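Participant: Got a structure for you, questions after.
What follows is calculated from the coordinates using simple rules that are stated; it is not laboratory data. These numbers were taken from a predicted model, which means no experiment stands behind them. Neighbour counts run over all protein chains shown; Cβ positions are idealised from the backbone, glycine included.
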């Protein structure tokens, strides 16, 4: 963890302060590919029952809040044109989520 500055660690803590983002990061860590369609993230979040909101409200929340927040971290690239989220992996995020990973399992 020596290559991470206090600023980068703080960014990751801020990123994970929302349940939806923790679910998204865990899902991205567990997928077999480094890029996932936004629609798959929506489906995963609906399975997690993260919110009683309708699907359209969840999509709006992802597009205007959660995905832009992910995009502030250099290991994420959110491409709204192609509807793809690219994730390169992050040691700190993985370490922070590891103790609670069962909560965010892709199987719901």
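Participant: Mind pulling the angle between the C-alpha long axis of helix 19-30 and the longest principal axis of the chain? Nearest 10 degrees, somewhere in 0 to 90.
Facilitator: Between the helix axis and the principal axis of the chain, the angle is about 80 degrees.
Participant: Quick check: from the Cα gyration tensor, does the chain come out rounded (a/c under 1.5), prolate or oblate?
Facilitator: Taking the square roots of the gyration eigenvalues as a ≥ b ≥ c, the chain is prolate.
Participant: Once you keep just the Cα pairs under 8 angstrom separated by 6 or more residues, what percentage relative contact order results for the chain?
Facilitator: Answer for the chain is 36 percent.
Participant: Further question: Report, to the nearest 10°, how far helix 6-15 tilts away from the longest principal axis of the Cα atoms in the chain, using its own Cα long axis and a range of 0 to 90°.
Facilitator: Rounded to the nearest ten degrees, it is 20.
Participant: Given only helices, namely DSSP H runs of n ≥ 4 each adding -39500 (n - 2.57), what is the per-residue ellipticity at 222 nm of the chain, to the nearest 500 deg cm²/dmol?
Facilitator: After summing the helix terms and dividing by residue count, I get -13000 deg cm²/dmol.
Participant: For the range 23-45, list residues with backbone N below 18 Å from a point placed 7 Å from the Cα of residue 56 toward its Cβ?
Facilitator: 39, 42-43
Participant: A follow-up question, please. Figure the gain on full extension for residue 71 and residue 91 (residue separation times 0.36 nm, minus the Cα-Cα span) and round it to one decimal in nm.
Facilitator: So the chain would gain 5.5 nm between residue 71 and residue 91.
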